[in-house]
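To start, the structure itself, in structure tokens.
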Number of protein chains: 2
Amino acid sequence: MRLSEGVEWTVHCCTLLAGLPPDAALSAKKLAEFFDVPPDYLAKHMQQMSKAGIVNTKKGPNGGYSLAKPARDITLLDMVEAIDGRVCSFKCTEIRQRGPSGVSPCSYKTPCGIARAMRKADQVWRDELRKTTLADLQIIGLRETPPEQMNKAITWLKGLFT
Amino acid sequence: MRLSEGVEWTVHCCTLLAGLPPDAALSAKKLAEFFDVPPDYLAKHMQQMSKAGIVNTKKGPNGGYSLAKPARDITLLDMVEAIDGRVCSFKCTEIRQRGPSGVSPCSYKTPCGIARAMRKADQVWRDELRKTTLADLQIIGLRETPPEQMNKAITWLKGLFT
DNA sequence: GAATGGGTACTCGGATATAACTTGTCCGAGTCTCTTAGG
DNA sequence: CCTAAGAGACTCGGACAAGTTATATCCGAGTACCCATTC
């Protein structure tokens, strides 16, 4: 069970977008250059973010991606689910109904106890992810990014908007 | 992100084993027959359970798998980690260090904030799984299994130990 | 009748193919901008 | 000098391969049991 690395990429991208002026947009190509990842593959993931309503897109020159909502209203869970989906990590195939001792499906009044426990754990995982917003990640980034990197990043960004 | 179906199989198998007399063992073949799953593939997963110290194995006729510890001392997390591994679902590739604004690794005093949030969520997920023991699952099974299935299962099991 | 040796059937364990999914790449549709020609 | 039309370049979006992991299968090593033979 491993999350797609697309999650890491897009969350970093959104954190970067959160630091831009409200009307600015960054293309997939530029984002990929900033993080040194495959441009086309990143674009594919950003499309999923667009479908999920997390980012807006703008075509043409000076177009690209920008946040669709305030950073405070975007949770880490929103971004994870945009890439990874909303289904529970545990899939119950009801093997209790199979085999020589299985009986008709309507005999089972409650969901499988194992599945219930797994779903509960999945729920607390999602609840925990919901607690962190993009604004939180942005603040952490501003506070903990090495000053040298901050300067390089600002210089790099300014070079795009001239 | 989806858990291997081997998790479902092995947890069900352990729950069944928990209901057997202490000295009894059930072979992978019989377990697979009980749940109607591929015997060889189930055996592969049960080997992982053996490596993790959850079940004991006994070769030869009337051999098979049996619990290595009391059901109360086996958590759902133990079984999940035996199959799925102990590594965090989120893999941080430190993309913050890459690209044109990256600086030397020693400049980063703290782990990436995104990775911290993801690891925290992974931790609460594992903590939740730790709360459920095999004994709990066994009790739930005894309470919620349809009586008709319970009878068929007992009959089936008795047929093996005659 | 009891003990012992060998054969047989059954078990786990690891090595080996196949299938599904994640990862990575490519090309087309749409849109803004810049240039250039005309009024 | 101002306006407007057109070409060009840049963007996203979905369709198309390659690599990796999960799934499924097979065969060999080891062990307990059963039976026949012998004392």
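The values are calculated or read from the model by the stated rules, or taken from the named source; none is laboratory data. These numbers come from a predicted model, not from an experiment. Methodologically, a virtual Cβ is constructed for each residue, glycine included, from the backbone with ideal geometry; neighbour enumeration extends over all protein chains shown.
Just a few scattered comments:
- Residues in the range A:78-128 that are within 16 Å of DNA strand D (Cβ to nearest atom), surrounded by 17 or more Cβ atoms within 10 Å (Cβ to Cβ), closer than 16 Å to B:Ser89 by Cβ and of a type outside the set (Phe, Trp, Tyr): A:Met79, A:Ile83, A:Asp84, A:Cys88, A:Ser89, A:Met118.
- Checklist (1) of a type in the set (Ser, Thr, Tyr); (2) more than 7 Å from chain B (Cβ to nearest Cβ); (3) surrounded by fewer than 21 Cβ atoms within 10 Å (Cβ to Cβ) applied to A:Tyr65, failing item: (3)
- Taking the listed residues A:Thr15, A:Thr10, the one that is surrounded by 18 or more Cβ atoms within 10 Å (Cβ to Cβ), more than 8 Å from DNA strand D (Cβ to nearest atom), touching a residue at least 24 places away in the same chain (Cβ under 8 Å) and within 9 Å of chain B (Cβ to nearest Cβ) is A:Thr15, with no other qualifying.
- Taking the range B:129-158 as the range and being without any contact (Cβ under 8 Å) to a residue 24 or more places away in the chain, surrounded by 15 or more Cβ atoms within 10 Å (Cβ to Cβ) and of a type in the set (Ser, Thr, Tyr) as the test, only B:Thr145 passes.
- All told, B:Ser101 falls short of being part of a loop (DSSP other than H, G, I, E, B), in contact with a helix residue (DSSP H, G or I) (Cβ under 6 Å, 6 or more places away or on another chain), farther than 17 Å from B:Cys13 by Cβ and at pLDDT 95 or above.
- Hits in the range B:29-80 - residues which are part of a loop (DSSP other than H, G, I, E, B) and touching an Asp or Glu at 6+ places or on another chain (Cβ under 8 Å): B:Ala52, B:Ile54
- Count of the range A:125-162 residues which are more than 7 Å from chain B (Cβ to nearest Cβ) and within 30 Å of B:Ala135 (Cα to Cα): 2
- Test: residue in the range A:111-126 that is within 22 Å of the chain's Cα centre (by Cα), in a helix (DSSP H, G or I) and within 16 Å of DNA strand C (Cβ to nearest atom): yes
- Where A:Ala71 falls short, out of the listed (1) within 9 Å of DNA strand D (Cβ to nearest atom); (2) away from every other protein chain (no Cβ under 13 Å); (3) touching a residue at least 60 places away in the same chain (Cβ under 8 Å): (1)
- Look at the range B:110-124: where a residue is free of Cβ contacts under 8 Å to residues at least 60 places away in the same chain and more than 7 Å from chain A (Cβ to nearest Cβ) and a partner is small (Gly, Ala, Ser) and assigned to a loop (DSSP other than H, G, I, E, B), sitting 6+ places away or on another chain with Cβ atoms under 9 Å, you get B:Met118/B:Ser89; B:Asp122/B:Ser89.
- Meets criteria (within 14 Å of the chain's Cα centre (by Cα) and within 13 Å of A:Ile95 (Cβ to Cβ)) for B:Val55: no
- Taken over the range B:18-27, the criterion of being away from chain A (no Cβ under 14 Å) and either within 13 Å of DNA strand D (Cβ to nearest atom) or part of a helix (DSSP H, G or I) (or both) is satisfied by B:Asp23, B:Ala24, B:Ala25, B:Ser27.
- Within the range A:35-88, the set of residues being within 8 Å of DNA strand C (Cβ to nearest atom), among the small types (Gly, Ala, Ser) and farther than 19 Å from A:Ser4 by Cα comprises A:Gly60, A:Gly63.
- For the condition facing chain B (nearest Cβ under 10 Å), aliphatic (A, V, I, L, M) and more than 30 Å from B:Glu5 (Cα to Cα), A:Ala32 qualifies.
- Residue check, A:Ile83 at the interface with another protein chain (Cβ under 7 Å from one of its Cβ atoms) and not in a loop (DSSP other than H, G, I, E, B): no
- Restricting the range A:18-30 to residues that are farther than 21 Å from A:Ile139 by Cβ and surrounded by 14 or more Cβ atoms within 10 Å (Cβ to Cβ), the residue that is farthest from DNA strand C (Cβ to nearest atom): A:Lys30
- Failed condition for B:Lys91, given (1) closer than 25 Å to B:Arg119 by Cα; (2) more than 10 Å from chain A (Cβ to nearest Cβ); (3) in a loop (DSSP other than H, G, I, E, B): (2)
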